[in-house]
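Let me begin by presenting the structure, written as structure tokens, before commenting on it.
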Amino acid sequence: MEHTELIDINADLGEGLTDDALWMPWITSCNIACGGHAGNAETIKKSIQAAQESGVHIGMHPSYPDTNNFGRIKMDIEPEELSIILEQQIVDFLQIAKTLNAPIHHLKCHGALYHEVANEPLMANMLVELWKN
């Protein structure tokens, strides 16, 4: 029996290290920081370009706006305010991707936000709505 399953080897990138391009031959998809816990317009652009050059699927990696704790601690932010913060990260990321003609494959939250979305249906629904819009 022949197995033709694809294994997705994924990495978080655009988080301030200078070697994102070196990871590309070893991964099939990446989550690029959107500026909340790490990253900025320049790192987003460089990481997207590196992924494009290697045929790696590109994903957005939004997070709490928490560079001090690298997005690893849940922040007490009202849902409406958090929605605005995450929407801005997503919009900024998508604008950069559009200028590079880069399709976006997925969205994966970072750190504490990832855990909160996994455990709170209202948070998960909020992100689905942001992605759809």
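Numbers below:
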{"item": "Tally of residues being hydroxyl-bearing (Ser, Thr, Tyr) and more than 17 Å from Leu17 (Cα to Cα) across region 39-82", "result": "3"}
{"item": "Filter result (of a type in the set (A, V, I, L, M, F, W, C) and out of contact with any Phe, Trp or Tyr (no Cβ under 9 Å at 6 or more places or on another chain)) within region 110-127", "result": "Val117, Ala118, Leu122, Met123, Ala124, Met126, Leu127"}
{"item": "Residue count, region 1-51 (criterion: hydrophobic (A, V, I, L, M, F, W, C) and under 17 Å from Val91 (Cα atoms))", "result": "7"}
{"item": "Criterion: within 17 Å of Trp131 (Cβ to Cβ) and either modelled with pLDDT under 95 or touching a strand residue (DSSP E or B) at 6+ places or on another chain (Cβ under 8 Å) (or both) - qualifying residue of Gly59, Gly39, Gly71, Gly14", "result": "Gly59"}
{"item": "All positions within region 18-32 that are surrounded by 15 or more Cβ atoms within 10 Å (Cβ to Cβ) and either over 27 Å from Met75 (Cα atoms) or in contact with a Phe, Trp or Tyr (Cβ under 9 Å, 6 or more places away or on another chain) (or both)", "result": "Asp20, Ala21, Trp23, Met24, Ile27, Thr28, Ser29, Cys30, Ile32"}
{"item": "Every residue from region 61-96 that is touching a Lys or Arg at 6+ places or on another chain (Cβ under 9 Å) and not in a loop (DSSP other than H, G, I, E, B)", "result": "His61, Ile96"}
{"item": "Test result for Ala124, surrounded by fewer than 19 Cβ atoms within 10 Å (Cβ to Cβ), without any contact (Cβ under 8 Å) to a residue 24 or more places away in the chain, over 21 Å from Lys46 (Cα atoms) and in contact with a helix residue (DSSP H, G or I) (Cβ under 6 Å, 6 or more places away or on another chain)", "result": "yes"}
{"item": "Odd one out for Glu53, checked against (1) at pLDDT below 95; (2) surrounded by fewer than 18 Cβ atoms within 10 Å (Cβ to Cβ); (3) in contact with a helix residue (DSSP H, G or I) (Cβ under 9 Å, 6 or more places away or on another chain); (4) among the acidic types (Asp, Glu)", "result": "(1)"}
{"item": "Boolean, Phe70 is closer than 23 Å to Ile9 by Cα, touching a residue at least 60 places away in the same chain (Cβ under 8 Å) and surrounded by 15 or more Cβ atoms within 10 Å (Cβ to Cβ)", "result": "no"}
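Conditions (1) touching a residue at least 40 places away in the same chain (Cβ under 8 Å); (2) of a type in the set (D, E, K, R); (3) outside any loop (DSSP other than H, G, I, E, B); (4) touching a helix residue (DSSP H, G or I) at 6+ places or on another chain (Cβ under 9 Å), marked per residue:
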site: Asp12; (1), (2), (3), (4): yes, yes, yes, no
site: Gly16; (1), (2), (3), (4): no, no, no, yes
site: Ile32; (1), (2), (3), (4): yes, no, yes, yes
site: Glu42; (1), (2), (3), (4): no, yes, yes, no
site: Ser47; (1), (2), (3), (4): no, no, yes, yes
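The values are calculated or read from the model by the stated rules, or taken from the named source; none is laboratory data. Just so you know, these numbers come straight off a predicted model, no measurement behind them. A quick note on method: Cβ atoms are made from the backbone with ideal geometry, for glycine too, and the neighbour counts reach across all protein chains shown.
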